[in-house]
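Below is one structure; the comments refer to it alone.
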Amino acid sequence: MTETWDPEQYDKLSDYRRRPWAELMSRVGASSPEIVVDLGCGSGLHTLDLAVRWPHARIIGVDSSGEMLDQARRNDSLERVEWVRADVESWDPAQLGAPIDVIIANSLLQWVPSHMRLVPGWIRALAPGGCYAMQVPGNYNAPSHTLLREVAAKSPRAAELLPRLGRSEAVSEPAVYFFLLAGLGCDVDAWETTYQHVFEPGTFQGEPVLEWTKGTALLPVFEVLKDEGERADFVAAYGSALLQAYPRHPFGTVFALRRIFAVAHKK
Ligand SMILES: C[S@@+](CC[C@H](N)C(=O)[O-])C[C@H]1O[C@@H](n2cnc3c(N)ncnc32)[C@H](O)[C@@H]1O
């Protein structure tokens, strides 16, 4: 069940995504890693930060989307990163031929319902003292997502849409990641933060939360609704529901986004 990603749409909001990335990476203690892997690297904007932070490291970006990796290669004008097309469910860390010093999964695991059983393999692949860092949105029950499921439930294509919208239910609470990683022999720092993002008037044409979800949560809907008319009807119904849930204020639209973080250093 892979989506067709649109790097241009996704990267429109990159400024809002920088802070959780920076807050995650500020807890990673590696000083001179040799091998760094960014799982679900997307268009590589963050992966390229890793190349700046660790100029001597071998950096590998793994993603299942050809569109995202094409953009990543365009962004990487110095050809600093090895871009690998693979599904993280089947990607084998052993193919790198050496233990990994840092593995990152930033805003990936909400797309991978099996992730709880993949994490032990990633920790095993770390060198002693190595670090695993993950961040995942914890907004499955926020209006942005509940309204999406409500509109899908009323759609004539509900039977096809609803099964595709349940994947991020597999995201767990910070304590679950804490105990998983501590049980795997790591020193763990796990926490959550809810950001009150403010989209100032005029930041986007149309409903700003809709612009956000067009780059992410709506992708499974777009996989089903290929017909432009059907898609436009769905987006109009969802957009007007979003406008009620996220009203416009004189200072802008407020979008609360909860994110869950865990950073594990292998003992
Ligand atoms: C929300 S984007 C995050 C991109 C990047 N990590 C960042 O920090 O902005 C999620 C990325 O995960 C990728 N992805 C989703 N499921 C995947 C899977 N099973 N295997 C590999 N990549 C996957 C998508 O193609 C997309 O590029």
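At-a-glance table
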{"quantity": "Antiparallel bridge percentage (DSSP; both residues within the chain; nearest 5)", "calculated": "55"}
{"quantity": "Ranked Trp191, Trp212, Trp91, criterion: other C-beta atoms within 10 Å, fewest first", "calculated": "Trp191, Trp91, Trp212"}
{"quantity": "Sorted by Cβ neighbour density within 10 Å, fewest at the top, the residues Asp227, Asp38, Asp49", "calculated": "Asp227, Asp49, Asp38"}
{"quantity": "Neighbour-count ranking [beta-carbon atoms within 10 angstrom, fewest first] of Arg231, Arg17", "calculated": "Arg231, Arg17"}
{"quantity": "Leading residue at positive end of dipole, the chain (Cβ point charges), from Leu210, Leu24, Ala159", "calculated": "Leu24"}
{"quantity": "Longest to shortest principal axis, alpha-carbon extents of the range 145-210, angstrom", "calculated": "47, 37, 12"}
{"quantity": "Where only alpha carbons of the range 1-73 are counted, the Rg and the Dmax (Å)", "calculated": "12.8, 37"}
{"quantity": "Length added when fully stretched, Asp227-Leu78, from 0.36 nm per residue minus Cα-Cα", "calculated": "49.7 nm"}
{"quantity": "Dimensions (Å) - the range 127-238, Cα atoms, principal axes, largest first", "calculated": "54, 37, 24"}
{"quantity": "Paired Rg and Dmax values of the range 189-252, which use every Cα atom, in angstrom", "calculated": "14.2, 47"}
{"quantity": "FRET efficiency, Ala94 to Ser32 (Cβ-Cβ, R0 25 Å, nearest 0.05)", "calculated": "0.60"}
{"quantity": "R0 of 22 Å, Cβ-Cβ distance Val254-Arg149: FRET efficiency to nearest 0.05", "calculated": "0.50"}
{"quantity": "The chain shape via C-alpha gyration tensor axes, a/c threshold 1.5", "calculated": "prolate"}
{"quantity": "Within straight-line cross-link reach of Lys226, aspartates and glutamates at Cα separation under 17 Å, skipping those fewer than 8 residues along the same chain", "calculated": "Glu3, Asp6, Glu160"}
{"quantity": "Label point distance in nm, Ala170-Ala158, each placed 7 Å from Cα along Cα→Cβ", "calculated": "2.5"}
{"quantity": "Length gained when the stretch Met116-Asp87 is fully extended (0.36 nm per residue, less Cα-Cα span)", "calculated": "8.9 nm"}
{"quantity": "At R0 = 41 Å, FRET efficiency that the Cβ-Cβ distance of Ala127 and Gln9 yields, to 0.05", "calculated": "0.65"}
{"quantity": "Percent of alpha-carbon pairs separated by more than 26 Å within the range 1-158", "calculated": "28"}
{"quantity": "Extension gain (nm, one decimal) between Asp70 and Thr194, 0.36 nm per residue minus Cα-Cα", "calculated": "41.5 nm"}
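Read-outs: derived from the displayed coordinates by stated rules, not from any lab. Treat the numbers as computed from the prediction; the structure is a model and nothing was measured. All Cβ positions, glycine included, derive from the backbone under ideal geometry; neighbour counts span all protein chains shown.
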